[in-house]
1. Does E230 qualify as being at pLDDT below 80, acidic (D, E), over 30 Å from R59 (Cα atoms) and surrounded by 12 or more Cβ atoms within 10 Å (Cβ to Cβ)?
2. Do we have P46 as in contact with a helix residue (DSSP H, G or I) (Cβ under 8 Å, 6 or more places away or on another chain), farther than 19 Å from E118 by Cβ and surrounded by 11 or more Cβ atoms within 10 Å (Cβ to Cβ) here?
3. Do the conditions hold for W99, that is, is it part of a loop (DSSP other than H, G, I, E, B) and either under 17 Å from the mean Cα position of the chain (by Cα) or under 14 Å from E89 (Cβ atoms) (or both)?
4. Restricting to segment 105-128, and then to whatever is over 16 Å from I157 (Cα atoms) and within 15 Å of the chain's Cα centre (by Cα), can you tell me which residue is surrounded by the most Cβ atoms within 10 Å (Cβ to Cβ)?
5. Do we find a residue being surrounded by 10 or more Cβ atoms within 10 Å (Cβ to Cβ), at pLDDT 60 or above and closer than 30 Å to R61 by Cα anywhere in segment 157-165?
Amino acid sequence: MRSKTKSKMSHSQEHWRFEGQRIVNQLERTEAAPAATPPPPGFTAPPAAPGQLESHKARARLASHLASLQASGAPPPAWLELYDNLLEEKLAGRQSQRWDWRKALYIAWSCVPRSRREPKTLQALADLLGVRPSTIRKWRLHDPDIQRRIADLPRQILLDHVADVYDAMIQVASTPDYHATPERQLFLKVAGLLQTQVELAGRLDLDHTGQVDINHDLSRLSDEQLDQLEAITAALGHPV
């Protein structure tokens, strides 16, 4: 009995000794392995993830296209600066990239006026990204941040130019020329120094015959104003 118990203990010890050595060996291999290379900007999924091979190929085609534009002296696409900025965005509170390069390009492309978009159509953009148009629609459906970013970016672009617009307005408004009068009025309104709103106590009604009827709140008029109004309307044949 004692011999059988000893045999079982020996077998169990051997098992855990072997398991412990296996774990040590694995840790040593992990420590000896080089650190994983972080993915390049625009790739948020591991290289071995489904679809990443096609994504890398499409990204290479995009890089080649942009390089050919630069080599030929052609202007860059209108979306390029927005695209580059989106690639630098990080997830809130983390250092992980927020946007896959294809989604970033779609957002930037969508924020550009239709007349300046390149490619011109969603189908052509999908071809450039190496996906189907239905895939892009699924992105928008499953990631509400895409639509929010498309809505917010144009406003952000406008705000980036507010200082320049104010400076231009000041330059024109300061010009001693009567042509600059509207600009001076706008400047004074923005500065809160000019009030142009006039409160009307009545309304004008124009019927189909072209006749104008004045409907005024007479309770706001003084006795003197009422007397003047009565004299005017009597002369016109329209008593109050």
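The values are calculated or read from the model by the stated rules, or taken from the named source; none is laboratory data. A quick note: this is a predicted structure, and the numbers were derived from the prediction, not measured. Neighbour counts run over all protein chains shown; Cβ positions are idealised from the backbone, glycine included.
1. Details: at pLDDT below 80: yes; acidic (D, E): yes; over 30 Å from R59 (Cα atoms): yes; surrounded by 12 or more Cβ atoms within 10 Å (Cβ to Cβ): yes.
Yes, satisfied.
2. On the way: in contact with a helix residue (DSSP H, G or I) (Cβ under 8 Å, 6 or more places away or on another chain): yes; farther than 19 Å from E118 by Cβ: yes; surrounded by 11 or more Cβ atoms within 10 Å (Cβ to Cβ): no.
When the stated conditions are applied, P46 does not pass them.
3. Details: part of a loop (DSSP other than H, G, I, E, B): yes; either under 17 Å from the mean Cα position of the chain (by Cα) or under 14 Å from E89 (Cβ atoms) (or both): yes.
When the stated conditions are applied, W99 passes them.
4. Per the criteria, the residue is Y106.
5. There is at least one residue in segment 157-165 that is surrounded by 10 or more Cβ atoms within 10 Å (Cβ to Cβ), at pLDDT 60 or above and closer than 30 Å to R61 by Cα.
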